[in-house]
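Worksheet: the structure to be examined is printed underneath.
Each reported figure results from applying straightforward, stated rules to the coordinates on display, with no laboratory input. These numbers come from a predicted model, not from an experiment. No Cβ is skipped: glycine too gets one built from the backbone with ideal geometry, and neighbour counts run over all protein chains shown.
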Number of protein chains: 2
Amino acid sequence: MADVEEFVESAGLHFERLGLSRTAARVMGCLLAETGEAADAPGLCERLGVAKSSMSVALHQLERGGLVERYRPPRARRDHYRLAEDVFGRAFRTKMTEFTAFAALAEQGLSAVGDHPTARARLEHMRDMYAFMAREFPKLLDRWDEERAGGTGGPAPGSAASGPLDGRP
Amino acid sequence: MADVEEFVESAGLHFERLGLSRTAARVMGCLLAETGEAADAPGLCERLGVAKSSMSVALHQLERGGLVERYRPPRARRDHYRLAEDVFGRAFRTKMTEFTAFAALAEQGLSAVGDHPTARARLEHMRDMYAFMAREFPKLLDRWDEERAGGTGGPAPGSAASGPLDGRP
DNA sequence: TAGTTTGTTCGGAACGTTCCGAACGCTTAG
DNA sequence: CTAAGCGTTCGGAACGTTCCGAACAAACTA
């Protein structure tokens, strides 16, 4: 059986490759392994051994990416944080924008190379492939949602939302 | 109509986010916009204004990633480079390994959190979703190959291979 | 054989990024 | 009103990465 801290560090390495900073990535690990009690900034700071300024930046980064939700329980003096309900859906859809970006890049290339046949064929292939992916990948996500909703019969995606720490407005 | 050099720089930015170094990414741009004549290391160095040492490292990086093929035309004194036939398929499949890596990460988390219900549910969701993607995405690639092969009726994917500079052993 | 060209490897410099500590504004409790 | 806690912002330091120039090894030419 592995250690939780080990997992947090692994998560730090993995999520870093998604474009997050190291601390933000480690925060993702903490929130994934969260065992129920609320996560707040001072707690995360002590747990990860980082300055609260870095934590502030990291949490903002995560919040703006839609990966983490910030909420303040009534009468509480500090913010609390949890994973967004559709973190992974969000992550995939962010990745997806890459597809359209590459299709657009190919388009730019096409208008740059003029009418040279082999170059055009290459870039058209690239454009068509990424366009195909941008068109088909969302369907895959939908199929996942359906499969998950139908399979469990339970509530819609986002089971973690109905945890013991629900104090959102 | 955009400029070719602009396109190369755009490609540099885009491919950099795939984990390549900046120079390697710009080389990708050059090879994508290649107008037929062979690309060799000295030529790329001058075109991009980088040292040949950097070029050597970048080309190795691309070659080991399977994105670029190196070949030496008979009686030639320098190596030549071109995009691999299935560059984008290769790129997608590389990306795909990320899916299984994240599924494994979730597994690690599961063995770390023990039996806490909400944490387990979260991590099982993560594991199942990435496993689903790792299972279904290859099918998407296959569908693309079929669609492309059936649509054109032409040769199998990799039309750029039969260009005017075919001197591979 | 001597000379040229190509490609690789290595150490050091330059660059960008991330992180920390300090200062500030804001809210709440006493 | 004072004091304490939380969150944000900023400048500077530390880190890792990338790149360049020089030295080297190998292949070919004359």
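Here are some notes:
- Going from the fewest other Cβ atoms within 10 Å to the most, the residues A:Met28, A:Met126 appear in the order A:Met126, A:Met28.
- In the range A:4-83, the inverse of the mean reciprocal separation of distinct Cα atoms equals 12.5 Å; this is its Kirkwood hydrodynamic radius.
- Think of chain A as having a plus end and a minus end, set by charges on the Cβ of Lys, Arg, Asp and Glu; of A:Ser21, A:Phe137, A:Met126, A:Ser21 sits farthest toward the positive end of this dipole.
- Distant alpha-carbon pairs in chain B (separation over 24 angstrom), percent: 51 percent
- Global geometry of the protein assembly as shown, whether rounded, prolate or oblate, following the gyration tensor of its Cα atoms and the 1.5 cut on a/c: prolate
- Centre-to-centre, using Cα atoms only, the range B:16-68 and the range A:89-141 are separated by 20 Å.
- The Rg/Rh ratio for the range B:87-152, using Cα coordinates for both the radius of gyration and the Kirkwood hydrodynamic radius, is 1.19.
- Given charges at beta-carbon only (K, R positive; D, E negative), |dipole| of the range B:4-83 in Debye: 380 debye
- Peptide A:81-90 shows a mean partner chain C-beta count of 2 within 10 Å per residue C-beta.
- Size of electric dipole in the protein assembly as shown: Cβ of Lys, Arg +1 and of Asp, Glu -1, about Cα centre, debye, nearest 20: 540 debye
- With its label point put 7 Å out from Cα toward Cβ, A:Glu147 sits 1.9 nm from the same residue's point in the other copies, in order from shortest.
- Across peptide A:122-133, the average count of Cβ atoms from other chains found within 10 Å of a residue's Cβ is 5.
- Pairwise FRET efficiency - B:Ala121 versus A:Lys95, Cβ, R0 = 25 Å, nearest 0.05: 0.60
- Cα-based shape type of the range A:40-86, given that a ≥ b ≥ c are square roots of the gyration tensor eigenvalues and the cut on a/c is 1.5: oblate
- Each Lys and Arg contributes +1 and each Asp and Glu -1, all at the Cβ; summed about the Cα centre of chain B, the dipole is approximately 500 debye.
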